Amino acid sequence: MGELQLEVAVQDASGAALARDTGADRVELCSALDVGGLTPSIAMVEAVVATGVPVHVLVRPRPGGFRYSATEVSLMVRDIEALVDAGAAGVVVGALTAKDTLDRHALEALQYAAEGLEVTAHRCVDVLPDPAAALDDLARLGFTRVLTSGGAPTVADGVPTLRRMVEAAGGRLQVMAGGGLRPEDVPALVDAGVDAIHLSARRHVPDGGPSGPGGGRPGYDVTDRDVLEGVRAALAGR
């Protein structure tokens, strides 16, 4: 097996710089990780691109499920076009039909808008009855990789399905394991044959001031160096 890649989900430039300095191969940039992640602002994208780490940007216009209207898909296409101009190295997308199958029409439009950038399918595949069955369609659509927990709450629980997904991918696209990942999960994921691992390494910190009414919960999330270093050590010792 080749070198296992590490991707870190971050929300700002300081998190991206920390991921870079602890050996991440790339970052997934998004806002609002507490709701699963949303599309960040172009200004934030430009700031994170300036850190020098390859930036893959989540394109998700709202929280909730992954059944998007034509208007929402059009918005996502326009976001991707702006991200190409902002210097992103890739985009992270997903869309499902009302029958909870991959929305090929939407995914084709999003992949086309990326203009040759790497395209990752996000964890929308984990709500499908069989995530491994989606690999053929994603490969035919020209996706670079899929981010998945193997359809389980955490990657530790999804190892058997992750193994099947690696077999189904057959080298046509990368399988990246993510979802509740801990350093101690790395050996089992290596054994399953995944190409990359993904984590957010979040830590909640107070900001010292009131946030309400209207400001949401107190404090905010930052990227935790100790968690990243623990995962990097686990990768080095595999």
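What follows is calculated from the coordinates using simple rules that are stated; it is not laboratory data. No experiment lies behind these values; they were computed from the predicted model shown. Please note: Cβ atoms are built from the backbone with ideal geometry, for glycine as well, and neighbour counts cover all protein chains shown.
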The extension gain from D137 to D21, computed as 0.36 nm times the residue separation minus the Cα-Cα distance, is 38.2 nm
Here, GluC sites (Glu not before Pro) of the stretch 37-145 satisfying both criteria (DSSP loop; at most 16 other Cβ within 10 Å) are E115
Here the residues of the stretch 55-90 lying in the modelled label zone of T97, meaning backbone nitrogen under 18 Å from a point 7 Å along Cα-to-Cβ, are 66-71, 73
Listed with the fewest Cβ neighbours within 10 Å leading, D126, D226, D136 appear as D226, D136, D126
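After finding the eigenvalues of the alpha carbon gyration tensor for the stretch 25-90, what semi-axes result from the square roots of 5 times each, listed largest first in whole Å?
21, 14, 9
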Using the Cα gyration tensor of the stretch 126-200, the equivalent ellipsoid's semi-axes, largest first and to the nearest Å, work out to 19, 12, 11
Any trypsin sites (Lys or Arg not before Pro) in the stretch 168-226 that lie in a DSSP loop and have at most 14 other Cβ atoms within 10 Å would be R172
In Å, the C-alpha Rg and Dmax of the stretch 106-238 are 17.3, 52
Hits in the stretch 99-115: amide N under 18 Å from the 7 Å Cα→Cβ extension of I42, namely 113-115
What the 10 Å binned alpha carbon P(r) of the chain shows, as percent of pairs per bin from 0, is 8, 33, 38, 19, 3, 0
Here the relative contact order (percent) of the stretch 5-236, from C-alpha pairs under 8 Å and at least 6 apart, is 16 percent
Hull volume per residue for the stretch 1-126, using the convex hull of the C-alpha atoms, in Å³ is 114 Å³
With Cα springs under 10 Å, the Gaussian network model of the chain assigns the largest mean-square fluctuation among G216, G37, G90 to G216
